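A short write-up of the structure that comes next.
Please treat every number below as a calculation from the coordinates, not as lab data. Nothing here was measured: the structure is a model prediction, and the numbers come from that model. Cβ coordinates were reconstructed from backbone atoms using ideal geometry, including for glycine residues, and neighbour counts include every protein chain displayed.
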Amino acid sequence: MALPKLNNTPKYDLVIPSTNKTVKFRPYLVKEEKILLLAMETKDASQALNAVLDTIVACVDDTIDPNSLTTFDIEYMFVKIRSKSVGETSDIGINCTECEHTNKVSVDLQSIEITVPKTDFMVRLTDDITLEMTYPHFGAMANNKRLTNSTSTTEQTFEIIMSVMKAIHTAEERIDLKDISHKEIEEFIESMTGDQLQKIRTFVDTIPKMTHDVHFNCVSCSHANTYTIEGMQNFF
């Protein structure tokens with residue numbers, strides 16, 4: 001005899017920020033939550049990030065290419081899915097800027113949105129060489145061991161810079177960097193001047209991110225605080 005089906009899971013709409021495509025999703029179930037919790041327990045950043053990606057793919061009804069989703073797509077989609085799975089608010093601890101007392105602040109996850117501005121993806125390095133940029137893809141970042149296993153801020157920064165470089169344009173050709181070795185790309189970056197590298201850093205700084213401003217009065221000293229939450233992990 002077959003066991004009864006417990007739940008008819010509701011469906012919700014969300015818009016993928018980078019494409020503006022509307023997809024339907026369901027809340028995640030115990031099986032997905034278990035996988036997430038087990039991945040978090042491993043303390044392996046790559047495994048945890050891939051568990052988040054797998055959860056999103058499992059919960060979204062529409063066909064999506066997980067390799068095309070940007071870092072901010074994943075942040076936004078996971079927060080929206082989680083809000084319908086375990087609660088539309090999240091209580092986080094934030095220290096008062098005046099007395100450093102930790103305050104419990106409730107964040108409405110449903111009110112969080114991401115704005116994707118119009119962006120120039122072409123960065124001119126010289127009169128003859130232009131870099132074609134792209135937003136970093138979450139899957140590639142999650143599986144980049146140089147990024148997830150490194151404790152060096154400098155190394156992580158250079159890996160992020162590499163992740164946004166899509167192609168090099170010269171007067172004669174377009175060189176797709178997916179066909180170029182990591183070492184060659186690294187050497188190309190190391191040959192830049194400080195001003196040229198700063199142009200790429202400026203692009204990185206403009207990558208959309210999930211942020212939310214919260215305002216609260218400290219329960220200890222009554223100081224009025226404004227705090228900006230950034231990044232998926234800081235919302236929970």
- Message: I need the peptides 187-194, 212-219 ranked by packing, meaning the mean over residues of other C-beta atoms within 10 angstrom, with the highest value on top.
- Response: 212-219, 187-194
- Nearby lysines by direct alpha-carbon distance to Lys118 (threshold 24 angstrom, same-chain neighbours under 8 apart not counted): Lys21, Lys80, Lys166, Lys199, Lys209
- Note on the structure: Longest principal axis of the chain (C-alpha) makes with the long axis of helix 71-86 (C-alpha) an angle, in degrees to the nearest 10, of 10 degrees
- Which aspartates and glutamates have a Cα lying under 16 Å from the Cα of Lys11, excluding residues fewer than 8 positions away in the same chain? Asp61, Asp62, Glu88
- Query: Could you give the angle, 0 to 90 degrees to the nearest 10, between helix 194-205's Cα long axis and the longest principal axis of the Cα atoms of the chain?
  - Reply: 20 degrees
- Item | region 147-223 - Rg and Dmax from Cα coordinates, angstrom | 18.7, 65
- Query: What shape does the chain have by the C-alpha gyration tensor, where a ≥ b ≥ c are the square roots of the eigenvalues, rounded means a/c under 1.5, and otherwise prolate means a/b greater than b/c and oblate the rest?
  - Reply: oblate
- Rounded tilt (10° steps) of 30-41 against the dominant C-alpha axis of the chain: 60 degrees
- Note on the structure: Most exposed first, judged by fewest Cβ atoms within 10 angstrom, Glu132, Glu173 run Glu173, Glu132
- Query: Between Ile129 and Gln233, what FRET efficiency follows from the Cβ-Cβ distance if R0 is 41 Å, with the result rounded to 0.05?
  - Reply: 0.65
- Item | Unpartnered cysteines - no second Cys beta carbon under 4.7 Å - across the chain | Cys59
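Could you tell me which of rounded, prolate or oblate describes region 1-138, using a ≥ b ≥ c as the square roots of the eigenvalues of the alpha-carbon gyration tensor, with rounded for a/c under 1.5 and, failing that, prolate when a/b is larger than b/c and oblate otherwise?
Judged from the Cα gyration tensor, region 1-138 comes out oblate (a/c at least 1.5, b/c at or above a/b).
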